[in-house]
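> My questions all concern the structure below.
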């Protein structure tokens with residue numbers, strides 16, 4: 001990573017100001033000054049403008065998430081989209097529009113939200129549509145084929161909210177740091193499925209060089225998730241309130257894009 005010794009990788013904050021504050025405090029306590037954020041910054045029934053302002057106070061590398069993009073590239077707007085747009089300033093929307101889809105650092109690593117070609121698709125996971133086995137990890141061969149056009153050996157991705165470290169047989173390494181702000185959801189694209197981390201705590205990843213390779217640390221942080229859940233409930237999103245409180249998607253379906 002050039003002269004970097006430590007890198008913090010965060011993703012999927014979803015307007016959860018309290019979770020982001022907790023993650024940034026932890027990062028700076030560890031004397032980490034390089035942070036890459038893999039997108040989905042402010043979309044959700046929480047604190048979109050306050051979260052954007054906090055992001056912009058810090059020197060953070062950003063890539064665009066799918067739920068960042070739909071704020072300016074979807075019509076008609078769904079209710080959550082409209083809530084966010086009603087809360088944020090023109091400056092914040094301009095900032096969101098300015099975020100690139102992909103980030104590369106001197107051929108050492110590449111970061112994007114979903115895949116290199118789409119921030120709406122999972123890189124690591126595939127959705128089967130099979131009840132009880134809705135999500136599977138793609139095979140080594142599937143992932144190698146998907147990453148054939150990527151020269152970098154270290155690939156950072158988000159979108160699925162599930163933390164993962166996957167080393168492929170060709171030496172490439174895929175890192176998903178999980179989600180800072182939302183530990184469960186359900187979705188119907190391409191088939192109905194649930195993402196569940198089974199606890200409400202914020203998650204992010206630290207990468208640290210050890211000379212020839214990296215050491216990896218998944219950070220799992222407590223924060224005031226009850227306040228976040230209560231705000232979601234106040235904003236008529238009982239589904240988000242449940243996801244924030246429990247890290248579980250219990251089957252009452254609204255969909256995070258609604």
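Every number in this text was worked out from the coordinates using simple rules, so none of it is lab data. Every value quoted in this text rests on a predicted model; they were computed, and no experiment measured them. Counting neighbours? That spans all protein chains shown, and the Cβs are built from the backbone with ideal geometry, glycine included.
> How much of the DSSP beta bridge set in the stretch 6-246 is antiparallel, as a percent to the nearest 5? Provide the component values of the computation, followed by the final result.
Details: 27 of 38 bridges.
Given both bridge residues lie in the stretch 6-246, the antiparallel proportion sits at roughly 70 percent.
> OK, next. Over all directions, what mean area does the Cα convex hull of the stretch 109-166 project, stated in square nanometres?
Details: hull surface 16.6 nm².
Computing the convex hull of the Cα atoms and averaging its projections yields 4.2 nm².
> Can I ask one more? Who wins for biggest fluctuation among 125, 91, 152 in a Gaussian network model of the chain, springs between alpha carbons below 10 Å?
91
> Springs between alpha-carbon pairs under 10 angstrom, Gaussian network model over the chain: which of 25, 69, 50 fluctuates most?
With Cα springs under 10 Å in the chain, the top fluctuation among 25, 69, 50 is at 25.
> Compute the FRET efficiency between residue 86 and residue 33 as 1/(1 + (r/R0)^6), taking r as their Cβ-Cβ distance and R0 = 45 Å, and round to the nearest 0.05.
Numbers: r = 35 Å, r/R0 = 0.77.
The value I calculate is 0.80.
> Further, regarding this structure: So if we plug the beta-carbon distance of residue 149 and residue 108 into 1/(1 + (r/R0)^6) with R0 = 22 Å, what FRET efficiency do we get, rounded to 0.05? Mind dumping the intermediate values first?
Details: r = 17 Å, r/R0 = 0.78.
The value I calculate is 0.80.
> Taking the Cα centroid of the stretch 122-147 and of the stretch 16-31, what is the distance between the two, rounded to the nearest whole Å?
One Cα centre to the other: 31 Å.
> Can you tell which of 135, 27, 195 shows the greatest fluctuation in a Gaussian network model of the chain with Cα springs below 10 Å?
In the Gaussian network model the winner is 135.
> Sticking with this one: Restricted to Cα positions, what overall size does the stretch 120-213 have along the principal axes? Three whole-Å values, descending.
Principal-axis extents of the Cα atoms in the stretch 120-213, largest first: 41, 31, 20 Å.
> Treat the count of other C-beta atoms within 10 Å as a stand-in for reagent exposure and order 216, 103, 122, 43 from fewest to most. If you can, show how the numbers build up before the last one.
Details: 216 15, 103 18, 122 22, 43 29.
So the residues, fewest neighbours to most, are 216, 103, 122, 43.
> Per q in 0.16, 0.17 1/Å, what log10 I(q)/I(0) does a Debye calculation on the alpha-carbon atoms of the chain return?
Scattering profile of the chain, log10 relative to I(0): -1.22, -1.39.
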